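Quick notes on the structure that follows.
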Amino acid sequence: MRRAFETDTVIDRPVGEVWRELTDWDNAPRWMAGIEQMSSDAGTTVGATITFRTRGRTRTGTISAVDPERALTLDSVQGGVTARYTYRLEQRGSATAARLTADVAAKGALALLAPVIRAAIRRTDSGQLDALRGLLEGERR
């Protein structure tokens, strides 16, 4: 897999609150650009299937790693493209340092388009943490 992007932000909220919003699948469309609907068949556990609707299509991902209130990895395989999103949280005083990395692999005929696919994922998803921060900090006001 090759890195599509990595982004960091500091959210002026406790890590427990950030984790709750990050893993509230039904409310994820409030801060995930392009996501119309999202749900989980088993909450936030390894192996849970996350179903999401984007651009009129239903897609799925699988939670591959969970360290509660610290890290979550979600893998999405669509055709010959695998995207791995890893969210990491760290308490810093009363705030939370958040990091999102997205790694992407493309196989078969799509391998030639891998740079374009990574760029599209970067454009679409690299603003997630800023949107999450805006949602959480905006609710406090």
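The values are calculated or read from the model by the stated rules, or taken from the named source; none is laboratory data. Remember, predicted model here, so these are calculated numbers, not experimental data. Backbone-built Cβ (ideal geometry, glycine too); neighbour counts: all protein chains shown. The protein model used for the area step is the full one, side chains on, heavy atoms only, and it has no ligands, DNA or RNA in it. Shrake-Rupley method; radii C 1.70, N 1.55, O 1.52, S 1.80 Å.
With every protein chain left in place, what is the accessible area per residue of the chain in square angstrom, probe 1.4 Å? Please report the intermediate quantities before stating the final value.
Numbers: 7460 Å² over 141 residues.
Result: 53 Å² per residue.
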Determine how large the accessible area of Ile117 is when every protein chain is in place; take a 1.4 Å probe and give Å² rounded to the nearest 10.
-> 30 Å²
Only one of the listed values, [x] 110; [y] 118; [z] 99, was derived from the coordinates as volume of the Cα convex hull per residue in Å³; which label is it?
-> [z]
Please state the charge dipole magnitude for the chain, taken about the Cα centre, from unit charges on C-beta atoms (+1 on K and R, -1 on D and E), reported in debye and rounded to the nearest 20.
-> 540 debye
The range 1-54, Kirkwood Rh and Cα Rg, ratio Rg/Rh at 1.00
